[in-house]
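Chemist: Sharing a structure, written as structure tokens. Questions coming.
What follows is calculated from the coordinates using simple rules that are stated; it is not laboratory data. All of these numbers come straight from a predicted model, not from anything done at the bench. Cβ atoms come from the backbone with ideal geometry, glycine included; neighbour counts cover every protein chain shown.
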Amino acid sequence: MNYPTIKQLRYFIALVEKNHFGQAAASCFVSQSAFSVAIKELEITLSGHLVDRTNKSVTVTTLGREVYSQAKLVMTELTELVNISQGNKEPLSNKLSLGIIPTIAPFLLSQFIFKLQDKYKKLELFLNEDITQNLYQKLMKGDLDVLLMALPYSLKNVETYNLFKDEFFLTYCKSSKWVKKRGSKTKVTDDSILLLEDGHCMRDHALSACKIKNQNQVSHYSASSILTLIEMVKIDVGVTYLPAMSLESSMLKNTNLITEPIADNGFRSIGLVWRKGSSRAKEFKLLGQFIKDNV
């Protein structure tokens, strides 16, 4: 039985991701003619058409999509194989692709990123900011090595390393029409709670940690970022729940917004996530301990 070569798989992955023969060939530092020959040889080896070619576009076939997914996994496993052989090398001295969610990135990165690069000078760090589900897909395809995200979140075939708790604080503007004081307690009215839009895990974490059981309290408005939430609260569109890590940021300076802890100290957990069985698990735990020590 004939097997595809690593070069052929690498070229085909580039073709799918660039969706253009010329651009894919350039990204692989090879001529377009040599690139096209390699793709054709791959199709012959696999006995099937992977792409439909026209003068202006490339359409990946159903078989091509399946081959692309498996090719990504193969390249990920090959990377793990190389990592095993380099296991005795100095930790955090190679390329590291870190995915991070947008409700953490603006507040946490500046606290540890420069210290990390100062201590581990050989580390080549690449950052990718996106929502959790997209980061998870990139992690499982091998595009990312480790994620810095909020937990809990239902993910399969991963290992997690908890860093710390990030408590939520009720946030509202002074004299807000959405807030009612009852003794030492603060109550919010119906249609008052502003949350991030679907797709952001902080929406679910806020609902759960802040024990928002009455859906009538949730506003029909939503936001795509914490900054937008803050701007909406500033003009009293509603109230919101912000994570503790955001309270010292420039976003809240000179806003005169009121922040107060919630009952039972509701929180989300911040942690690292990587593929189960990764040969770099010890390295990721070292990264996690460094973050814990520096934030």
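Chemist: Once you charge only the Cβ atoms, +1 for Lys and Arg and -1 for Asp and Glu, what is the size of the charge dipole of region 33-144 about its Cα centre, to the nearest 20 debye?
Modeler: Here region 33-144 has a charge dipole of around 240 debye.
Chemist: Can you sort Lys156, Lys18 so the residue with the fewest Cβ neighbours within 10 Å comes first?
Modeler: Lys156, Lys18
Chemist: Give, rounded to the nearest 20 debye, the magnitude of the charge dipole that the chain has about its Cα centre when Lys and Arg contribute +1 at Cβ and Asp and Glu contribute -1 at Cβ.
Modeler: Dipole of the chain, to the nearest 20 debye: 400 debye.
Chemist: What is the gain in length, in nm to one decimal, between Lys292 and Ser93 on full extension, counting 0.36 nm per residue of separation less the C-alpha to C-alpha distance?
Modeler: So the extension gain works out to 69.7 nm.
Chemist: Neighbour counts of other C-beta atoms within 10 Å: give me Arg10, Arg53 arranged from fewest to most.
Modeler: Arg53, Arg10
Chemist: Here's a follow-up. Tell me the relative contact order for region 165-267 as a rounded percent, counting alpha carbon contacts under 8 Å between residues six or more apart.
Modeler: Over region 165-267, the number comes to 47 percent.
Chemist: Please work out whether region 158-264 counts as rounded, prolate or oblate from its C-alpha gyration tensor, where a ≥ b ≥ c are the square roots of the eigenvalues and a/c under 1.5 means rounded, while otherwise a/b larger than b/c means prolate and anything else oblate?
Modeler: Cα axes put region 158-264 in the rounded bin.
Chemist: Compute the length gained on full extension between Ser175 and Thr62: take 0.36 nm times their separation in residues and subtract their Cα-Cα distance, giving the result in nm to one decimal.
Modeler: 34.8 nm
Chemist: Next up: Could you state the number of Å between the C-alpha centres of region 245-277 and region 1-24?
Modeler: For region 1-24 versus region 245-277, the Cα centre distance is 43 Å.
Chemist: Say a site is exposed when it is one of the GluC sites (Glu not before Pro), sits in a DSSP loop, and has at most 15 other Cβ atoms within 10 Å; what is then the longest site-free stretch of the chain?
Modeler: So the longest stretch without any such site is 1-196.
Chemist: Around Phe35, under 12 Å between beta carbons, what's the net of Lys plus Arg minus Asp minus Glu among the other residues?
Modeler: +3
Chemist: Starting from 0.36 nm per residue, how many nanometres of slack lie between Asp118 and Lys7 once their C-alpha separation is accounted for?
Modeler: 36.4 nm
Chemist: Find which of Phe126, Ser69, Ile113 sits farthest along the positive direction of the dipole of the chain, computed with +1 on the beta-carbon of Lys and Arg, -1 on that of Asp and Glu, about the Cα centre.
Modeler: The Cα lying farthest towards the positive end belongs to Ile113.
Chemist: Where nothing but the Cβ of Lys and Arg (+1) and of Asp and Glu (-1) is charged, how large is the charge dipole of region 6-77 around its Cα centre, in debye to the nearest 20?
Modeler: Approximately 180 debye in magnitude.
Chemist: In nm, to one decimal, how far is the Leu78 label point from the Lys187 one, both placed 7 Å along Cα→Cβ?
Modeler: 6.5
Chemist: A further question on this structure: Can you pull out the chymotrypsin sites (Phe, Trp or Tyr not before Pro) in region 13-86 whose DSSP state is coil and whose Cβ has at most 10 other Cβ atoms within 10 Å?
Modeler: Phe29
Chemist: Scaled to the compact-protein estimate 2.2 N^0.38 Å, what is the alpha-carbon radius of gyration of the chain, rounded to two decimal places?
Modeler: 1.24
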